[in-house]
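Everything below concerns the one structure shown next.
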Amino acid sequence: MVTRSVTHQQSLKALDWLNVFLADIQGGVGPFLVVYLTSSLQWNPAQVGLVMTISGLTGVIAQTPIGALVDRLRQKRSLITIAAVLIAISSIATVTIPSLPVITISQSFSAIAGAFFGPTIAAISLGLVGRGGIEYRLGRNQTLSSSGNVIAAIVAGLIGHFVNQAGIFYFIALMSVAVIFCALKIRKQDINYRLARGGDDPESKERLEDRKEKVNVSKFTTLLSDRRLLIFAICAVLFHFANAAMLPLVGEVLAHHKGGSPPLFMSACVVTAQLVMIPLGILVGRRASKDRRKPIFLLAFLVLPIRGVLYTLSDNPFFLVSVQLLDGVGAGIFGVMQLLVIADLTKGTGHFNLAQGAIGTAVGIGASLSNSLAGFIAKSAGYNASFLSMAAIAAVALAFFWFFMPETKSTPYPVSSKSELATFRDS
């Protein structure tokens, strides 16, 4: 007879592989989309910014209701499957019918699908390991996701260079099939529904085993009245408003650079950042389990304005790629710490994924407007002016976080399983 501990570990391993393959399709096409539109289709920065803005805003509109849906439904695996199918269809449509209306619509559907992945993976993770192991689990998720991004970026860069840039989108569609397979390998019986939506910790192992236990859900107005959550949302919006346009801008600079291969240099940009994030995910997860949240999080805000200024010093592709080391530091810390802060602030409310969606909506608006603003500035005043504008916004984000964001971590949560904790530490 197969014991629950063995099957539970199998679900955790399936989640590992899901993070690897999901990295190949979750937003990974974005930088290569910019290169494809600029280099292959000869679109100008304003057109590229328009597509990024419309698709981004479409995804933004879906963020909050998707978060509420993830909270409400127990079929977490089905949500990932449906989203992966949409990604595959959108990727193929982008290259088979390369017109402005079709690409805008297909990328909008892709953005809606991508909005499912973040909260659903976080919900599954919390439902599998509980609050006692969530720091390690989220750090592990980040590390595995970054590893998948490295592999995907290398493969996509090689496809774009040796085959054609359209082949990258067919690769994304193929990886969507792998995502579906991994999602279905996670046993739904191993996901605790109560914890997955941010409910209180069960008081005993018996309660943990009760998958049909009713979740006490607080009113939505409880989230709106939480001043700490509002401050964090503002911090996140400012961070992504400054950060979102930087890599697409680099992609446009590379596309206009004489000599070399834009897809390969863009691939190198992605790989450089992700290589930093691979060890950083585990490191941040471990430190977050012992230390306060704010000092760790502050480093992500600190490197962003520095990165924006450095981009203006040279348009040499090798220099631009090296600056991406800072992107790995900022994004690696933010990816883990954002979910931990939201988990802290929504503990016991039953609205963990709804809060992710609401903050995701605010962040998405900032990111979409960032691409539009950066494209407009780049067209009218040049790329350096655009980079400096983003750096100035990043400096404002740093100051706001430093002075106004409170510490969210309270007492350490009890570890739900020593064997699971050992698995995270040994990985």
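Using a 1.4 Å probe and ignoring any ligands, DNA or RNA, find the accessible area of K294 and quote it in Å² to the nearest 10.
About 50 Å², rounded to the nearest 10.
How much mean residue ellipticity at 222 nm does the chain get from its helices, if each DSSP H run of length 4 or more adds -39500 (n - 2.57) and you divide by all residues, to the nearest 500 deg cm²/dmol? Write out the running numbers ahead of the final one.
Values: 18 runs with 335 residues, N = 427.
Result for the chain, helices only: -26500 deg cm²/dmol.
State, in angstrom, two size descriptors of the chain derived from its alpha carbons: Rg to one decimal place and Dmax to the nearest whole number.
In Å, with Rg to one decimal and Dmax whole: 20.6, 69.
Give me the percent of accessible area attributable to carbon and sulfur for the chain, probe 1.4 angstrom.
Its accessible area is 67 percent carbon and sulfur atoms.
Cα atoms only: what Rg and Dmax, in Å, come out for the range 63-137?
In order Rg, Dmax, the Cα atoms of the range 63-137 give 15.1, 49 Å.
Relative contact order of the chain, please, whole-number percent, based on alpha carbon pairs below 8 angstrom and at least 6 residues apart.
29 percent
Might you tell me the accessible area per residue for the chain, computed with a 1.4 Å probe and given in Å²?
With all protein chains present, the chain gives 40 Å² per residue.
By average Cβ neighbour count within 10 Å, what is the ranking of 239-249, 162-172 from highest down?
Result, highest mean first: 239-249, 162-172.
Between L184 and L298, 0.36 nm times their residue separation minus their Cα-Cα distance comes to what?
Between L184 and L298, full extension yields 37.3 nm more.
Once the Cβ-Cβ distance between S410 and I231 is put in as r, and R0 is 22 Å, what FRET efficiency do you end up with, to the nearest 0.05?
Between S410 and I231 the formula returns 0.80.
So how do 399-405, 76-82, 100-106, 354-360 stack up, highest first, on mean other-Cβ count within 10 Å?
The densest-packed peptide leads the list: 354-360, 76-82, 100-106, 399-405.
The values are calculated or read from the model by the stated rules, or taken from the named source; none is laboratory data. Treat the numbers as computed from the prediction; the structure is a model and nothing was measured. Cβ coordinates were reconstructed from backbone atoms using ideal geometry, including for glycine residues, and neighbour counts include every protein chain displayed. Protein only, heavy atoms only, side chains kept; ligands, DNA and RNA dropped before computing areas. Shrake-Rupley method; radii C 1.70, N 1.55, O 1.52, S 1.80 Å.
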